[in-house]
Amino acid sequence: MALRIRKNDTVIIISGKDKGKKGRVLSVDNEKHRILVENCNFVKRHTRPMPQKNIKGGILEKESPLPQSKVKIFCGDCQKPTAIGSKTTDGKKQRICKKCGAALTKGA
């Protein structure tokens, strides 16, 4: 089943070490049901220096994907995390907020 959360949506993290943080979705992996959120879920990566590729060694921090169940989409109208519903109007299916019924546009 495809995820209802899309790239550039605004989401809020509902559990884990970054609970309560809001961020933009950078990428979605439908097969593994994981979502990469901007400025959330940082992990430390130990890297070796590679002078050929101009990479300095050391400990780097980078974002790591989160499970889809740990995030909820953030509705811009009611300013709350919400579930996503769907409604068909004029033959087009669109995502709606379950709390206020407003349409969730891309990047909402």
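Each reported figure results from applying straightforward, stated rules to the coordinates on display, with no laboratory input. Remember, predicted model here, so these are calculated numbers, not experimental data. A quick note on method: Cβ atoms are made from the backbone with ideal geometry, for glycine too, and the neighbour counts reach across all protein chains shown.
Numbers for the structure displayed
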{"item": "Within the stretch 1-53: Cβ-based charge dipole about Cα centre, in debye rounded to nearest 20 (Lys, Arg +1; Asp, Glu -1)", "result": "200 debye"}
{"item": "Cβ-based charge dipole, the chain, positive-most Cα from G58, I84, S27", "result": "G58"}
{"item": "Modelled FRET efficiency - R0 35 Å, N54 with R4, Cβ distances, 0.05 increments", "result": "0.30"}
{"item": "Neighbour-count ranking [beta-carbon atoms within 10 angstrom, fewest first] of V11, V28, V43", "result": "V43, V28, V11"}
{"item": "5 angstrom amide H check on K99, placed H, neighbours 5+ away", "result": "A83"}
{"item": "³J(HN,Hα) computed for each position of the stretch 32-41 - Karplus, 6.51 cos²θ - 1.76 cosθ + 1.60, integer Hz, glycine/proline x", "result": "9, 6, 10, 10, 9, 10, 5, 6, 9, 6"}
{"item": "Within the stretch 1-80, trypsin sites (Lys or Arg not before Pro) in DSSP loop having at most 15 other beta-carbon neighbours inside 10 Å", "result": "R4, K7, K17, K19, K32, K56"}
{"item": "Cys residues of the chain counted as unpaired, since no other Cys beta-carbon is under 4.7 Å", "result": "C40"}
{"item": "Sorted largest first, extent of the chain alpha carbons per principal axis (Å)", "result": "57, 28, 21"}
